[in-house]
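Engineer: The structure under discussion is supplied below as structure tokens; questions concerning it will follow.
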Amino acid sequence: MGETVDLLVPIVLAASEGGTSLIALLTILMLAVFVGFEVITKVPPTLHTPLMSGSNAISGIAIVGALLSVVLVEESTPHSSLARWLGFFALIFATVNVVGGFLVTHRMLSMFRRKK
Amino acid sequence: MIGALTTLAAGDGTAILGRQGSDVVYLIASIFFILGIKGLTHPRTAVRGNQFGAFGMLLAVLATVLGPAAAGHAFDPTMIVIGIAIGAVIGGLAAIRVQMTGMPQMVAIFNGFGGIASAFVAGGAFLLAIGTEMSLQGNIAIGVSGMIGSVTFTGSIVAFFKLLDLRSLRKFPSAIPGQRFLNALLFLGAIAACVWLVQDSENTTTYWTVCALAAVLGVTLTTPIGGADMPVVIALLNSYSGLAAAATGFVIDNNVLIVSGSLVGASGVILTAIMCKAMNRSLPNVIFGKLGPSADGPSADDVYGGKVKSASPDEVAMLFDGAQRVVIVPGYGMAVAQAQHTVRDLTNLLEAMDITVEFAIHPVAGRMPGHMNVLLAEADIDYDKLKEMDEINPTFGQVDVALVIGANDVVNPVARTDPNSPIAGMPILDVDKARTVVVVKRSLSPGFAGIPNPLFAMDNTYMMFGDGKKAIMELNAVLKENA
């Protein structure tokens with residue numbers, strides 16, 4: 001599969017030709033989990049609530065998948081219209097998560113300060 | 001083999017942002033997410049950390065939208081603009097208007113939104129792939145994503161309403177008969193539906209069956225869990241929302257989803273473990289177990305009978321005369337009474353009397369990890385004054401007055417002394433070792449564990465009965481007069 005094709009197949013399933021191999025994806029998963037454990041154990045209890053709301057915003061990364069569904073679904077396969085609507089609602093939910101999550105975390109963190 | 005989408009490959013191979021270009025941007029976005037969480041390891045760097053995270057998200061979104069556009073794939077942006085606009089307005093308003101006491105609810109519902117977004121993305125991918133050759137691992141990922149996403153969604157909705165603590169909802173029974181059996185059945189059913197999905201990927205019913213069973217499971221799992229166990233539940237749902245995103249990353253073959261989903265998953269797991277440890281309970285015990293008074297425990301009358309002393313604000317104010325060190329122990333009651341600002345005023349008054357004031361924070365005080373810290377930060381209290389349990393416990397012997405505001409089980413010495421009590425072994429704040437203890441509380445009613453607290457009946461303990469905010473305000477008035 002050529003590069004141009006690769007570009008437009010983000011919804012390709014992992015093991016399909018041209019998709020990343022399962023072991024590569026699992027490697028990324030495992031390394032990210034370890035990085036996560038290392039970094040997050042150092043977060044002090046004072047910041048646990050902002051950690052939750054901030055990581056919440058990051059889990060809104062599903063917004064990428066939602067955008068792809070909305071952007072790329074055009075061909076009229078039997079279910080493409082429904083798939084597009086699912087993508088649209090996923091986009092709304094993920095955006096709420098991202099915008100609300102980062103904003104509220106910012107609001108909270110601005111309160112954590114040391115008095116002079 | 002990727003069906004419909006391959007035909008869209010009409011783009012220019014040299015476009016600035018090819019699939020590889022997008023992947024590079026996704027990698028940079030992942031790095032910003034990691035740096036962002038790293039920033040959260042200190043209050044000084046935390047604001048910038050959060051901005052890093054938001055910037056990473058912006059990069060990921062731009063790469064996703066501009067990648068196909070740059071490659072010459074024309075698409076109608078209407079849906080994107082409308083979807084983002086609706087989401088941004090809802091999310092923005094919620095973030096600006098929520099009160100700090102309402103943070104647990106907000107985090108709970110946002111967890112759910114992340115979960116359902118992942119489930120919908122996986123569902124969309126599943127529908128598109130119908131009629132094309134599907135890979136085993138792709139189908140498994142779709143099933144897992146739909147399952148975790150749905151459990152997260154309905155579980156979070158239930159947690160949200162539980163945290164709202166609406167009077168009208170209290171009449172609903174929280175215990176479901178045969179609950180464990182039902183949960184096991186639903187779980188196995190959802191797994192079976194996943195297997196069915198993998199076997200028969202031409203059939204759309206399979207995916208919805210997975211989601212429906214998992215959605216019911218989310219409700220039955222969360223409904224029986226009590227208020228004080230909410231910190232564990234929220235942390236766990238937080239972790240699920242990350243895992244759902246990671247699973248979706250496997251579905252759409254996208255690294256940035258896997259990386260950020262794993263980060264969130266790890267964060268939730270760590271917080272869950274910390275919360276469980278702080279209650280000396282295992283995760284299954286929190287989720288499936290029941291915490292209640294043991295039948296042979298001492299009754300409230302035995303513990304309190306004639307031994308509880310109540311004190312007026314004037315009497316409590318006198319206790320502070322000549323005190324050098326005061327430790328304030330906030331609990332969920334402080335959040336309910338919205339007393340954090342009044343407590344800040346009290347802190348200022350005491351400091352004006354040359355008294356050192358510190359706050360002792362139990363890890364599970366409140367309804368979510370770090371709940372008390374956020375409330376006190378909102379009230380503009382220096383975070384250096386907030387001490388963790390392990391740090392402050394050895395020093396309670398040198399505390400002149402320990403002021404407990406709306407906390408109960410986390411200061412119950414029975415956890416240390418009675419191996420048969422339901423909270424036996426739970427690490428507590430050793431408030432009872434302070435020279436004098438003042439407890440601000442509405443009544444002698446038991447906390448979540450349902451057991452009496454001998455701390456309230458100790459010789460050196462004074463109860464200041466009343467609403468937390470009102471009682472502290474009265475105390476402040478007296479201190480101001482004396483100053």
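What follows is calculated from the coordinates using simple rules that are stated; it is not laboratory data. In this text the structure is predicted, and so the values were computed from the model without any measurement. Quick reminder, even Gly has a Cβ in these numbers, built from the backbone with ideal geometry, and neighbours come from all protein chains shown.
Engineer: Please state the charge dipole magnitude for segment B:108-290, taken about the Cα centre, from unit charges on C-beta atoms (+1 on K and R, -1 on D and E), reported in debye and rounded to the nearest 20.
Structural biologist: Values: 8 positive and 6 negative charges, 200 e Å.
About 960 debye.
Engineer: Then there's this: What does a probe at B:Asn280 reach in segment B:403-432, counting residues whose amide N is under 18 Å from the point 7 Å along Cα→Cβ?
Structural biologist: Inside the label zone: B:408-432.
Engineer: Among the trypsin sites (Lys or Arg not before Pro) in segment B:296-353, which ones are in a DSSP loop with at most 14 other Cβ atoms within 10 Å of the Cβ? Mind listing them?
Structural biologist: Taking segment B:296-353 and a limit of 14 other Cβ atoms within 10 Å, the loop trypsin sites (Lys or Arg not before Pro) found are B:Lys307, B:Lys309.
Engineer: Arranged from highest to lowest average of other beta-carbon atoms within 10 Å per residue, in what order do the peptides B:258-268, B:426-436 appear?
Structural biologist: Working: B:258-268: 29.7, B:426-436: 21.1.
Answer by packing, highest mean first, reads B:258-268, B:426-436.
Engineer: Now, a different point. Distance between the C-alpha centers of segment B:73-143 and segment B:301-319? Whole Å please.
Structural biologist: Here the two parts' Cα centres lie 54 Å apart.
Engineer: Still on this structure: What do you get when you divide the Cα radius of gyration of chain B by 2.2 N^0.38 Å, with N the number of residues? Write out the running numbers ahead of the final one.
Structural biologist: Values: Rg = 26.3 Å, N = 483, 2.2 N^0.38 = 23.0 Å.
In units of the 2.2 N^0.38 Å rule of thumb, it is 1.14.
Engineer: Still on this model: If you project the alpha carbons of segment B:108-290 onto the principal axes, what extent comes out on each, in Å, largest first?
Structural biologist: 50, 33, 27
Engineer: Once you have the alpha carbon radius of gyration of the protein assembly as shown, what is it after dividing by 2.2 N^0.38 Å, with N set to its residue count?
Structural biologist: Relative to the 2.2 N^0.38 Å estimate, the protein assembly as shown comes out at 1.05.
Engineer: Averaged over peptide B:139-146, how many Cβ atoms belonging to another chain are found within 10 Å of each residue's Cβ? Mind dumping the intermediate values first?
Structural biologist: Working: counts 3, 3, 5, 1, 0, 0, 2, 0.
Mean shielding count: 2.
Engineer: Let me ask something else about it. For a quick size check, give me the Cα extents of segment A:49-111 along its three principal axes, largest first, whole Å.
Structural biologist: Cα spread of segment A:49-111 along its principal axes, largest to smallest: 51, 13, 12 Å.
Engineer: For peptide B:378-391, compute the average count of partner chain beta-carbon atoms within 10 Å of each residue's beta-carbon. Walk me through the intermediate numbers first.
Structural biologist: Numbers: counts 4, 1, 3, 3, 5, 8, 3, 2, 4, 1, 3, 1, 0, 0.
Going residue by residue through B:378-391 and averaging, the value is 3.
Engineer: Let me ask something additional. Give me the distance in nm between label points sitting 7 Å out from Cα along the Cα-to-Cβ direction at B:Asp380 and B:Glu133, one decimal.
Structural biologist: That separation, rounded to one decimal, is 6.8 nm.
Engineer: Is there a simple number for the mean count of other chain Cβ atoms within 10 Å of the Cβ of residues in B:271-283, and what is it? Provide the component values of the computation, followed by the final result.
Structural biologist: Working: counts 8, 0, 1, 3, 1, 0, 0, 1, 0, 0, 0, 0, 0.
What the average comes to for B:271-283 is 1.
Engineer: Restricting to chain B, compute how many DSSP beta bridges are antiparallel as a %, nearest 5. Walk me through the numbers before you get to the answer.
Structural biologist: Values: 0 of 23 bridges.
Close to 0 percent.
Engineer: When ranked by the protection proxy of mean other Cβ atoms within 10 Å per residue, highest first, what sequence do the peptides B:114-125, B:26-37 form? Walk me through the numbers before you get to the answer.
Structural biologist: On the way: B:114-125: 33.2, B:26-37: 22.2.
Going by the mean number of other Cβ atoms within 10 Å, highest first, we get B:114-125, B:26-37.
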